[in-house]
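A short reminder: the numbers here are calculations on the coordinates, not readings from a lab. Fair warning: this is a prediction, and the values are worked out from it, not measured in the lab. Note that each Cβ is placed from the backbone with ideal geometry, even for glycine, and that neighbours are counted across all protein chains shown.
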Amino acid sequence: MERGEKISGRKIGLTSKAMQNMMNVNEPDYGSLWASRYFAADSSGKAEVPADTFIAPRVEGEIALLMAEPLSGENVSASDVFAATEALAVSVEIVDSRITDWKIKLADTIADNASYGGYTLGPWNEELKKEDLRTLGMIVSKNSESLIEAVGAAALGNPANGVAWLARKLHSFGVSLDPGDVVLSGPLGGAVDAKKGDTFTVEVHGQPPLGVEFV
């Protein structure tokens with residue numbers, strides 16, 4: 001931040017029971033979103049991402065939330081999350097690791113900003129607040145091959161549960177989620193390896209497809 005970096009929000013990781021079991025933890029972790037690693041999608045819904053920016057990138061499909069009001073407290077619930085949220089969007093998080101071959105333990109990923117690499121977003125949609133996020137389906141394709149099919153319940157039972165956890169955790173450190181913050185609520189499926197030339201598409205029912213091309 002002293003060099004001019006800005007924090008545009010937060011990301012939540014380790015939201016699936018499988019990942020928590022692998023790391024031997026009983027809660028997620030979180031990191032900060034660097035504004036310099038936000039890659040905006042064009043009018044066709046595709047973002048170009050410079051592959052050389054990353055070390056060992058992987059792609060995850062997620063649901064992002066845009067905060068409209070401050071969110072903090074030791075008893076924040078999923079309903080509080082929706083009340084403080086302006087809109088939701090389909091998102092792609094690029095996770096990355098400075099640890100050789102992704103052979104990470106919990107301390108490694110925390111020290112590595114929760115394995116944050118970058119992100120992009122589809123259009124913000126207030127109507128998504130009315131959806132049952134538990135049953136919201138998502139398909140992630142790589143080079144036109146469908147690799148992941150998942151629903152919102154894969155992220156702590158509901159993406160809003162992860163954001164509620166994050167608000168409570170930040171509160172314990174005297175920090176809040178603030179208006180304008182983007183929150184990536186955690187992957188709905190596994191992470192897919194990416195390299196230069198790969199193209200990814202994330203599809204959610206009722207939303208325009210979101211594409212990422214590594215160039």
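Relative contact order of the chain: 31 percent, from C-alpha pairs under 8 Å at least 6 residues apart in sequence. For the pair THR199 and SER77, label points projected 7 Å from Cα toward Cβ lie 4.6 nm apart. Over all Cα atoms in region 10-96, the spread is summed up by Rg and Dmax: 15.3, 42 Å. Legend: ranking of residues THR120, THR135 from fewest to most surrounding C-beta atoms inside 10 Å; resulting order THR135, THR120. For region 113-167, trypsin sites (Lys or Arg not before Pro) meeting the loop criterion (DSSP other than H, G, I, E, B) and having at most 10 other Cβ atoms within 10 Å: none. As a proxy for reagent exposure, ranking SER146, SER77, SER16 by other Cβ atoms within 10 Å from fewest up yields SER146, SER77, SER16.
Find how much the distance from ASN143 to GLU69 grows on full extension, using 0.36 nm per residue of separation minus their present alpha carbon separation; answer in nm with one decimal. That works out to 22.8 nm of additional length. Listing HIS171, HIS205 from fewest to most neighbouring C-beta atoms within 10 Å gives HIS205, HIS171. Please list log₁₀ I(q)/I(0) at q = 0.23 Å⁻¹ for region 69-113, using the Debye equation with identical point scatterers on the alpha-carbon positions. Log10 of I(q)/I(0), two decimals: -0.81.
Using every pair of separate Cα atoms, the Kirkwood estimate puts the hydrodynamic radius of the chain at 17.1 angstrom.
Label separation (LEU106 vs ALA153): 2.7 nm, computed from points 7 Å beyond Cα along the C-beta direction. With 28 Å as the limit, the listed pairs LYS17/LYS46; LYS103/LYS129; LYS17/LYS129 have LYS17/LYS46; LYS103/LYS129 beyond it between alpha carbons.
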